[in-house]
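Everything below concerns the one structure shown next.
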Amino acid sequence: MAHEAIQSASRVDVVRALRQAAITGLIAFGLLLPLIGFNTVQNIRNELILETRWPLLAALVAIIAGGRFLHALLIAPWLARRALRPRPDHAPRARLARWLVPFALGFAIVYPPLVLSVTGIQGAVKWIDNFGVQILIYVMLGWGLNIVVGLAGLLDLGYVAFYAVGAYSYALLADTFGLSFWILLPVAGCLAAFWGILLGFPVLRLRGDYLAIVTLAFGEIIRLILINWVPVTNGYAGISGIPRPTFFGIPFNASDEGFAARFGLEFSPIYRTIFLYYLILALALITAAMTVRLRRLPIGRAWEALREDEIACRSLGINTTNTKLTAFAMGAMFAGFAGSFFAARQGFISPESFTFMESAVIVAIVVLGGMGSLIGVVIAAVIMIGGTEIMRELDFLKTIFGNDFDPTQYRMLLFGFAMVLIMVWRPRGLIATREPSTFLKARHAFLSRRPQSEGAQASLARERH
């Protein structure tokens with residue numbers, strides 16, 4: 001019977017695949033016609049005129065219809081056959097995960113010298129700053145939000161507000177009192193945690209969609225305060241001239257007291273870029289280490305119990321009020337750290353850097369990577385943020401779609417397409433499996449396998465007792 005079911009699932013229906021591809025192409029044409037097919041531009045008389053982009057629209061519709069045809073013809077039967085097969089052993093996957101973390105950590109450590117050896121000093125600045133530092137900022141933000149969304153199960157759509165609090169706290173305190181980055185880094189994290197507690201109090205009784213709406217409103221409130229409190233935040237003009245972090249008091253400038261002059265090196269911006277890279281790498285690793293440690297503590301197990309069932313969590317005597325507040329505070333603290341680093345790295349901040357789209361990207365990184373999975377967040381951040389930066393380098397596409405074609409304008413379209421694919425094939429994220437936080441006595445490899453005989457069942461019973 002199983003063999004017959006696999007054979008029936010593997011049958012290819014070309015007519016059905018063509019019909020599904022045609023329907024998908026029509027839907028794509030209707031959705032993309034006002035977005036891609038028409039474009040408004042200003043002429044030399046400052047008048048809006050309507051232009052058409054039929055070749056680009058036809059290419060996108062053909063790609064979507066072709067993808068649907070291949071899915072119905074090849075991928076869907078393969079998924080059906082895979083679902084009917086016996087569940088494979090997860091030991092190879094566990095070994096891969098065990099080797100993946102040291103490899104990824106080693107690659108992150110040697111990334112700057114590797115880029116320097118391949119591209120030289122001029123090209124290394126772009127690859128280290130735009131790719132390495134930018135990705136690590138979102139990795140740290142994703143790990144911070146992972147505490148709130150992945151571990152505690154609280155949907156937070158206003159996480160960028162704590163990011164903004166950390167950035168503006170560092171910028172204002174450094175500009176007003178002249179304090180150093182190393183002093184203001186923990187101060188910014190504590191202030192962001194304080195705002196996280198303030199957000200936690202109104203949402204203690206909320207769950208699901210209502211919680212998402214309140215957190216979204218909180219993020220917009222913070223952004224509007226930054227825009228309208230002009231005497232303090234300077235409104236849309238932002239804050240410039242933010243002090244940069246130093247290497248034990250040694251600035252990265254061209255003066256005689258600068259880093260290059262102190263160590264007898266030729267002045268280059270690559271030194272500050274490498275320093276910032278290792279600084280955000282250290283902050284991200286601290287975030288990961290604290291998250292792993294907190295998961296094994298009673299508060300971490302309370303977060304996971306709250307995520308699974310709040311009513312059962314309350315019936316066990318767990319204080320859900322304190323549990324939610326600690327989740328919001330810890331997640332906000334790491335966002336504050338990342339925000340202070342962002343302000344120190346950029347030297348200029350404005351409300352445009354803390355819009356809802358930033359929160360959506362961070363939430364998507366956590367969801368696509370797998371809620372509760374640190375490795376999944378890293379993979380999702382590399383794909384989403386690194387992919388966006390790589391699109392800036394795809395200038396050869398202008399020869400295909402025209403000189404006016406800008407690949408970065410379609411990053412959100414590709415982002416939405418990737419989310420649809422993940423939700424279809426991996427609804428729980430890229431890394432869907434998570435190990436338990438604690439074990440009763442010790443971890444046994446065979447406990448995850450089903451015993452096949454009475455002797456194995458008896459042996460399992462003796463081990464448990």
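Measure off 7 Å from each Cα along the Cα-to-Cβ vector at residue 14 and residue 98, then give the distance between these two points in nanometres to one decimal.
A separation of 4.9 nm, rounded to one decimal place.
As I understand it, the dipole of the chain uses +1 on the Cβ of Lys and Arg and -1 on the Cβ of Asp and Glu, about the Cα centre. Which of 422, 412, 384 lies farthest toward its positive end?
Going by the charge dipole, the pick is 422.
Multiplying the sequence separation of residue 52 and residue 183 by 0.36 nm and subtracting their Cα-Cα distance, what value in nm do you get? Could the numbers behind the result be given before it?
Numbers: separation 131, 0.36 × 131 = 47.16 nm, distance 5.52 nm.
Extra length available between residue 52 and residue 183 comes to 41.6 nm.
Indicate the helices, whole DSSP H runs only, in the chain that combine a mean Kyte-Doolittle hydropathy of -1.0 or more with a Cα extent along their long axis of 18 angstrom or more. Present the calculation step by step, with values, prior to reporting the outcome.
On the way: long enough: 14-32 (26 Å, 1.51); 54-70 (24 Å, 1.80); 91-126 (44 Å, 0.92); 160-177 (25 Å, 1.18); 181-200 (28 Å, 2.05); 208-228 (30 Å, 1.45); 270-296 (39 Å, 1.22); 320-346 (39 Å, 0.52); 356-369 (20 Å, 2.37); 411-425 (21 Å, 2.11).
Once both thresholds are applied, what remains is 14-32, 54-70, 91-126, 160-177, 181-200, 208-228, 270-296, 320-346, 356-369, 411-425.
Could you calculate the FRET efficiency of residue 42 with residue 217 from 1/(1 + (r/R0)^6), where r is the beta carbon distance between them and R0 is 22 Å, rounded to 0.05?
Numbers: r = 36 Å, r/R0 = 1.61.
Approximately 0.05, to the nearest 0.05.
So what is the accessible area of the stretch 261-391 per residue, in Å², with the probe set to 1.4 Å?
Working: 5140 Å² over 131 residues.
Accessible area per residue: 39 Å².
Roughly what would the spin-label model give for residue 78 and residue 119, points 7 Å off Cα along C-beta, in nm?
Output for this residue pair reads 3.3 nm.
Report, in deg cm²/dmol and to the nearest 500, the calculated mean residue ellipticity at 222 nm for the chain, where each DSSP H run with n ≥ 4 adds -39500 (n - 2.57) and the sum is divided by the residue count. Don't skip to the answer; put the middle values down first.
On the way: 21 runs with 296 residues, N = 465.
Rounded to the nearest 500, it is -20500 deg cm²/dmol.
Run the accessible area of the chain with a 1.4 Å probe and give the carbon-and-sulfur part as a rounded percent. The partial results should precede the final answer.
On the way: 17110 of 26310 Å².
It is 65 percent, rounded to a whole number.
Under a point spin-label approximation (7 Å from Cα along Cα-to-Cβ), what is the residue 390-residue 289 distance to one decimal in nm?
3.1
Subtracting the Cα-Cα distance from 0.36 nm times the residue separation, let me have the gained length for residue 176 to residue 109 in nm, one decimal. Mind showing how you got there, number by number?
Details: separation 67, 0.36 × 67 = 24.12 nm, distance 3.53 nm.
Working it through step by step, the gained length comes to 20.6 nm.
Which loop-located GluC sites (Glu not before Pro) does the stretch 318-396 contain, where loop means any DSSP state but H, G, I, E or B and the Cβ has at most 12 other Cβ atoms within 10 Å?
Details: sites: 352, 358, 389, 393; in loops: 393.
Passing sites in the stretch 318-396 are 393.
Expressed as a whole number of Å, what is the distance separating the alpha-carbon centroids of the stretch 381-421 and the stretch 102-177?
For the stretch 102-177 versus the stretch 381-421, the Cα centre distance is 21 Å.
For volume of the Cα convex hull per residue in Å³, which listed value, (1) 174; (2) 199; (3) 222, comes from the coordinates shown?
Label (3) holds the value from this structure.
Could you calculate the contour length gain from residue 230 to residue 315, that is, 0.36 nm times the residue separation minus the distance between their Cα atoms, to one decimal place in nm?
Extending this stretch completely gives an extra 25.8 nm.
The values are calculated or read from the model by the stated rules, or taken from the named source; none is laboratory data. A quick note: this is a predicted structure, and the numbers were derived from the prediction, not measured. Neighbour counts run over all protein chains shown; Cβ positions are idealised from the backbone, glycine included. Note: areas computed on protein heavy atoms with side chains; ligands, DNA, RNA excluded. Shrake-Rupley method; radii C 1.70, N 1.55, O 1.52, S 1.80 Å.
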